[in-house]
1. Answer with yes or no whether Thr93 is of a type outside the set (Gly, Ala, Ser) and assigned to a loop (DSSP other than H, G, I, E, B).
2. Condition first: modelled with pLDDT of 95 or more and part of a loop (DSSP other than H, G, I, E, B). Can you find one or more residues in region 137-150 that meet it?
3. Go through the residues of region 72-88 one by one and say whether even a single one is at pLDDT 95 or above and of a type in the set (Ser, Thr, Tyr).
4. Tally time: how many residues in region 61-88 are of a type outside the set (D, E, K, R) and exposed (fewer than 14 other Cβ atoms within 10 Å of the Cβ)?
5. Return a yes/no flag: does region 102-115 have any residue that is in a loop (DSSP other than H, G, I, E, B) and surrounded by 16 or more Cβ atoms within 10 Å (Cβ to Cβ).
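The values are calculated or read from the model by the stated rules, or taken from the named source; none is laboratory data. None of these values were measured; they are calculated from a predicted model. So basically every Cβ, Gly included, is an ideal-geometry build from the backbone, and we count neighbours across all protein chains shown.
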Amino acid sequence: MKSKPFALVLGAIALIALSAACGRPAETPQPAVEALPVAEVPAPPAETAPAAAPVDALPETLPATLTTAPDLNTFAVDLMLKNVPPNVFSSSTVTEEERAKARKALKLAVEAFDKAIGLYDRNESFYYGRAQALHAQFTDTKDAALKEKALADLDRALAINPKHSPSKTLRELISK
């Protein structure tokens, strides 16, 4: 029984040695590939449409298409993830343009969370998200009212779900 695996290993080593002795590895036959015709690409038209707004441009107001609480929440979270980098208001490497964009995104995010909470006030994530946005605004402006609103939102989130650990963690951070 033990000699069969040994023979297989020895055979594999012999094949490798023979292949190396020939100076080139064994070739696997490849199927023939026919050359495909190259499609001609039409030249762009001489007159092009005016450039659209950049994809990452922020809207001036909440889009009217956002009519459900989950859609509003997704919009607000995406705004914050894409436009509010960590430490945006405390880092010396962030430009004033980036700070202005973050301020605008936070304003829209708070509006979206307000509207989502107005539609459905039993989701702790909506309160937590708004608290994050309010805390970021507080970091920028040092307006104590924003800090108090953020803490109230976290209290509401924890009243809905006492085990919501992100709310507990942010509350600890803000309370310091």
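1. yes
2. The answer is yes, given that some residue of region 137-150 is modelled with pLDDT of 95 or more and part of a loop (DSSP other than H, G, I, E, B).
3. Yes, region 72-88 contains at least one residue that is at pLDDT 95 or above and of a type in the set (Ser, Thr, Tyr).
4. 9
5. Within region 102-115, none of the residues are in a loop (DSSP other than H, G, I, E, B) and surrounded by 16 or more Cβ atoms within 10 Å (Cβ to Cβ).
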